[in-house]
């Protein structure tokens, strides 16, 4: 089972590889990827150097083209596929069927992965992309139980990649309109959820306030953990009570499921967080590498070491970690 | 490795010192490290922006103006961006031992004002390929001397 790690910069890519990532996923510096943040991502020179660094060490680089190009951005999206092919990245992660068609017909040898933003949660959907565009892998949305993941794997020839660690959102991946509702911009359209220009934090006597496009979405009391400034992680007044009406901020951590994911035939496990700094990438990659290696050495005796969970908990968003949808004992 | 917090006597001393010279020293140190990459020549959208670092435990406030090739101290009142953390956490960030989002989640780093400017600064610093280290006092003094009229 491959370990797929995030990189928002060249130092992050190198540190991921140095700490044991099998594959690193990156994005270009524009709206062709869903972490289109100021100063983040790869220009042509750093992308070339990143691919060279990875390939020299027999590791892989995937390029995320995981937004849905709008009319004005279509040429940019096509050029991004062209640049990916020139760079000889090992796969492109695509969400939009139109862009996938362009990639499949123009570059038949370019390996295609269906992005989580494609929102394919069953094997019929994945098989459609496999038949039409010859995708080699699909990244599953974080809404399936482990039993459902097994079912998907049994029903498709495509490899399956799942999320293993990172911030969770409202989990209607590829279909969420909350950021658009508040700011007019979303991951699908401009590549950013809650774009920074719409975000303001302010320390007030009542606490740390978060505003999104002027709308107060959260107020943290002293000492309360903060979360990313997204609507889904806001607190709202509902029926006279102010609380996390959509979801409480939490992070996915599936270390304990590694043996089951391996046994289920999961091809790769993905770490969230291209927006994070090299320090995060190093610590998460190192922890997951150790854990996967420990499982491969002796799956029967695999146990999560407290030091692994301590390292991951420290970097997590929200007050808690969760197994998310994987853990549904009633299913 | 965990960095030590500021000892109490140092903290008391720092909070009583005038802030402008401290800003000048810090601006010089930062210019030496990242002046070329973060200055307004590389990022015209930064030009003239005021960034304030509030070192909460030391009671020190450093205000920097983004200039063409780096940073200059400023006595101006209304910063575009204010970052608040302890001396220990600022140092950990500078040495790439902590991730800013991690510190933000646990409320150890507070960013007020222009969030996009903050993100641009953070991401630009992250993308630099340098060995995390601090400039020597000798280098900082040399730059300060060169700025004297």
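Each value in this text was obtained by applying a stated rule to the coordinates, not by laboratory testing. This one's a predicted model, so the numbers in the text were calculated from it and none came from an experiment. Virtual Cβ from ideal backbone geometry, glycine too; neighbours counted across all protein chains shown.
Odds and ends about this structure:
- Each 10 Å bin from zero holds the following percent of Cα-Cα pairs in segment A:168-327: 9, 32, 33, 19, 7, 0.
- Partner chain coverage, peptide A:149-155 - average Cβ within 10 angstrom: 0
- Calculated over the protein assembly as shown: convex hull of Cα atoms, volume per residue (Å³): 165
- Rg(Cα)/(2.2 N^0.38 Å) for segment A:1-140, N = residue count: 0.99
- Take each residue of peptide B:103-114, count the partner chain Cβ atoms within 10 Å of its Cβ, and average: the result is 5.
- P(r) for segment B:62-144, from all Cα pairs and a bin width of 10 Å, is 14, 45, 37, 4 %, short bins first.
- Proxy reagent accessibility, fewest Cβ within 10 Å first, across B:49, A:270, A:58, A:233: A:58, B:49, A:270, A:233
- Here the translational diffusion coefficient of segment A:178-243 follows from Stokes-Einstein with Rh set to the Kirkwood radius across Cα pairs; for 37 °C and 0.692 mPa s it amounts to 265 µm²/s.
- Each of B:97, A:328, A:276, B:145 was scored by other Cβ atoms within 10 Å of its Cβ. Arranged with the fewest first, they read B:145, A:328, B:97, A:276.
- Residue-averaged [θ]222 nm for chain A, counting only DSSP H segments that reach four residues, each worth -39500 (n - 2.57): -10000 deg cm²/dmol
- A:74, A:288, A:201 arranged by Cβ crowding within 10 Å, fewest neighbours leading: A:74, A:201, A:288
- Mean residue ellipticity at 222 nm, helices only, chain B: -13500 deg cm²/dmol; runs of at least 4 DSSP H residues each add -39,500 (n - 2.57), and the sum is divided by the number of residues.
- Segment B:53-94 and segment A:1-77 have Cα centres spaced 31 Å apart.
- Sorted into 5 angstrom bins from 0, the C-alpha pair distances of chain B split as 2, 9, 17, 24, 24, 16, 6, 1, 0 percent.
- Per-residue mean of foreign Cβ neighbours for A:198-204 is 4 (Cβ atoms of other chains, 10 Å radius).
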